[in-house]
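Asks: I'd like to ask you about the structure that follows.
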Amino acid sequence: MKFPSLARVSNGMRNPGWILAAVLAFSASPAAAEEGEQFELAPVVVREAADPLALAGAPLEGPAADLRFRPRIDLQVRNSSSAAADGSIRGGIFTQTGFRAGAAGLIDPQTGHYRSEIPVAPLFFSPPLVLSGFESARSGFNATAGSIAYGWSPVGTGCSLGAGWGDRGYNSQHLAAGGLVRPRGFLSGAVDRGGFDLDLARAVGDGTRPNGDFNFQRYGTRLQLLAGDCQTDLFAGYGDKFFGWPDMYTPEDYLPTAETERVRTSLVFLNHRRGQQEDNFLELSAYYRRNNDHYVLQREDPAFYEAFHRTSVWSAAAAGRRDLGTVALVCSGQVAADRLASTAITDSPYYSRTDGRIALAPEKAFPLTRDLDLVLSAGAGLDLSNRADSCLSPLAGAELIGRHGEGEDRYFLRYGASSQLPDYTALGSPPGGLFGGNPDLGREQSRTVEGGLALAREGWRLEGTIFYRADRDLVDWTYREDAVNARTANAVDLDTRGVQLVFARAWRNLRIRAAYAWLEKSHRYRDPQAEASFYALNYPRRRGLLSVAWIFLEGLEFRLENEYRRQRTNPLRSGREEAVLTSAGLAFLPPGLPDLEGVISLDNPFKVSFQEIPGVPGPGRQVILRAAYRY
């Protein structure tokens, strides 16, 4: 069995959702290839398959880069989505957005920016779940707005070789390989199959702006054991990323800069899951993560200001659901111990911390009619730390599930609360330093009320959510023109109201997806003299997305992504507050050469100059041609 290159429908035509995914990822997950793009019917737990075009516009595919043009995730980038990317869920900021693998949240105690630094290729992960509100509070960790949760995919067999070329000095190489074996010796009675796979990738280029060059490398390997409905994975990965960008972290009005950053991340992850369905499972996870960061303010004069940081995290977690007949127990728990060494974070009262969280929210189903059930949930989450007071947060929800010949319809109303602690940079940076810290910051708390629906019919799907989230003591980074800092950590009470709608429709050779989001916020900063916000008040009041995938000839697929956004006015942003961002791609699979695939992608073809993070120049136009061969 080879790595699957395409999913095929019954008429023999290639499935539009996987042509570009297979081409651009170079080694698709077998589970994903069989299932295609999955959308679970839980109203706020939606499985998102890796978006092919997001991969097309990224110098190097990865968990963060694959989130571009997501209806439920707003990705804000520096240099590119492969370099530095902050995720925002429902108007939250990057520190409120978690990334989870298996049962464990991957944390970054230094700044929160490096949560998305995950040296894991898409080959190893199944499509992510987007958790928000009640679901995130029940199973997330140190993430009050939402979490992006990945599962470990089954090992595939075969080998894939890929390369890419583009303008501005871009080139990339990629190798993926995997195999399955029948165990022998003492494992033969306990294990049905054993698997091994690896992924090696690199990408370099001059970047889409002056001083925007990059050099990315990633290595990962995994051992997998399968026995019945149990899957055990041991993964080890390493990522090394260098990139530069003008005014990357300091606003252009503060000091024109050509900043650089080198981030090296190591991850060792052990995961065991029993039960592959969501209604009955137990998952255990443990990992060690080390992150080294070297930041330079002026690349031509590193001695002017540079900082070295090193964080280490050890963590263990468990999550599960057990249906006891009369009631279903749903619970999660995690403990994480971290340690920091830094040349710039020097005013912290501590340089290590142990945090924990446990959440329990049982479910009870009440049949109303033969085709209609009412499911009630209630429970609480408890956050603990050796550096702060504990916090107990209630959870409650009600959901109507109606079954019909084409699937299920769901309607829900839920409440979820959670909390988290500030990062070391916010707490321990010198108050008068380049990034001003605040030792008086405390535990952040968030409460969300949400209601919505998910409707599925033959060929189309509609999902909608309306929500209100109250954040208290949220740590934001703000700017004052008369201050000596580029930015200062500042606590804010924030109220966010929003609506999200997603509609998807599929025909034989055409698929479209349309999404719309409306957000509004009110705020009260502890420092009333704060003039501008880099994150909490950087959000689109209105955001619309349109995705089109069209097979117009056998072996040819055209894909287009468009995003419209109308930002809240921000004095730090130069240029427009309204923008339309576009990416396009054309994939070619020669009918006579089924193992050879190619794609050409064009990102930002109209050279739209829009600052996704205020004061930070946005990326320019990029053309990339990729090819892959599987055997």
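Asks: Using the heavy atoms of the protein chains and a 1.4 angstrom probe, tell me the accessible area per residue for the chain in square angstrom.
Replies: Numbers: 23560 Å² over 631 residues.
Ligands and nucleic acids excluded, the figure is 37 Å² per residue.
Asks: Answer with one residue from GLY92, TYR351, GLN334: the one whose Cα lies farthest towards the positive end of the charge dipole of the chain, charges on Cβ with Lys, Arg +1 and Asp, Glu -1.
Replies: Farthest along the dipole direction, towards plus: GLN334.
Asks: In whole percent, what relative contact order does segment 285-437 give with Cα contacts below 8 Å and a gap of six or more residues?
Replies: Relative contact order comes out at 16 percent.
Asks: Also, I was wondering about something else. Once every Cα of segment 331-475 carries one equal point scatterer and solvent is ignored, give the base-10 log of I(q)/I(0) from the Debye formula at q = 0.17 Å⁻¹, two decimals.
Replies: After summing over all Cα pairs, the log10 values are -0.98.
Asks: A further question on this structure: Please report, in whole Å, how far the alpha carbons of segment 72-140 spread along each principal axis, starting with the longest.
Replies: So the extents along the principal axes, rounded to whole Å, are 34, 29, 24.
Asks: With bins 10 Å wide starting at 0, give me the P(r) of segment 252-403 over every alpha carbon pair, in whole percents.
Replies: Reading the bins upward from 0: 9, 23, 24, 19, 14, 8, 2, 0.
Asks: To continue, here is another question. Relative contact order of the chain, please, whole-number percent, based on alpha carbon pairs below 8 angstrom and at least 6 residues apart.
Replies: Across the chain, relative contact order equals 13 percent.
Asks: May I pose another question? Determine the dipole magnitude for the chain: charges of +1 sit on the beta-carbon of Lys and Arg, -1 on that of Asp and Glu, nothing else is charged, the reference point is the Cα centre, and the result goes in debye to the nearest 20.
Replies: 880
Asks: Across every pair of different alpha-carbon atoms, what Kirkwood hydrodynamic radius in Å does segment 164-263 reach?
Replies: Hydrodynamic radius (Kirkwood, Cα pairs) of segment 164-263 is 16.8 Å.
Asks: Oh, and also: Pairs of alpha-carbon atoms within less than 8 angstrom and 6+ residues apart define the contacts here; what relative contact order does segment 130-176 have, in percent?
Replies: That works out to 25 percent.
Asks: Taking a quarter of the surface of the convex hull around the Cα atoms of the chain, what do you get in nm²? Write out the running numbers ahead of the final one.
Replies: Working: hull surface 106.1 nm².
Answer in nm², one decimal: 26.5.
Asks: Here is a follow-up. So between SER390 and PHE196, what do we pick up on full extension, going 0.36 nm a residue minus the alpha carbon distance?
Replies: 65.6 nm
Asks: So what is the 222 nm mean residue ellipticity for the chain from helices alone, if each DSSP H run of at least 4 adds -39500 (n - 2.57) and you divide by all residues, rounding to the nearest 500 deg cm²/dmol?
Replies: -1000 deg cm²/dmol
Asks: Something else: What do you reckon, how do TYR249, TYR351 stack up by accessible area (1.4 Å probe), largest on top? List each step's numbers first, then the result.
Replies: On the way: TYR249 20, TYR351 85 Å².
Descending order: TYR351, TYR249.
Asks: Give me the accessible area of TYR114, 1.4 Å probe, in Å² rounded to the nearest 10.
Replies: 10
Asks: What residues qualify as long-range amide H neighbours of GLY436, i.e. H under 5 Å apart, gap of 5 or more or another chain, H built at 1.01 Å from N?
Replies: Here ALA486, ARG487, THR488, ALA489 satisfy the definition.
Asks: Using every alpha carbon pair in segment 411-502, what percent of pairs falls into each 5 Å bin from 0 up to the bin containing the largest distance?
Replies: P(r) over segment 411-502, rounded to whole percents: 3, 13, 17, 14, 12, 11, 10, 8, 6, 4, 2, 1, 0.
Asks: Here's another thing I want to ask about it. What's the longest piece of the chain with no exposed trypsin sites (Lys or Arg not before Pro), counting a site as exposed if DSSP puts it in a loop and it has at most 11 other beta carbons within 10 Å?
Replies: Details: sites that count: ARG184, ARG370, ARG508, LYS607.
By the stated rule (loop sites, at most 11 other Cβ atoms within 10 Å), 185-369.
Asks: Can you tell me the Rg and Dmax of segment 480-588, counting just the alpha carbons, in angstroms?
Replies: Looking at segment 480-588, its Cα Rg and Dmax stand at 19.6, 62 Å.
The values are calculated or read from the model by the stated rules, or taken from the named source; none is laboratory data. The structure displayed is predicted, hence computed values, not measured ones. Counting neighbours? That spans all protein chains shown, and the Cβs are built from the backbone with ideal geometry, glycine included. Heads up: the accessible areas ignore ligands, DNA and RNA and are worked out on the full protein's heavy atoms, side chains in. Shrake-Rupley method; radii C 1.70, N 1.55, O 1.52, S 1.80 Å.
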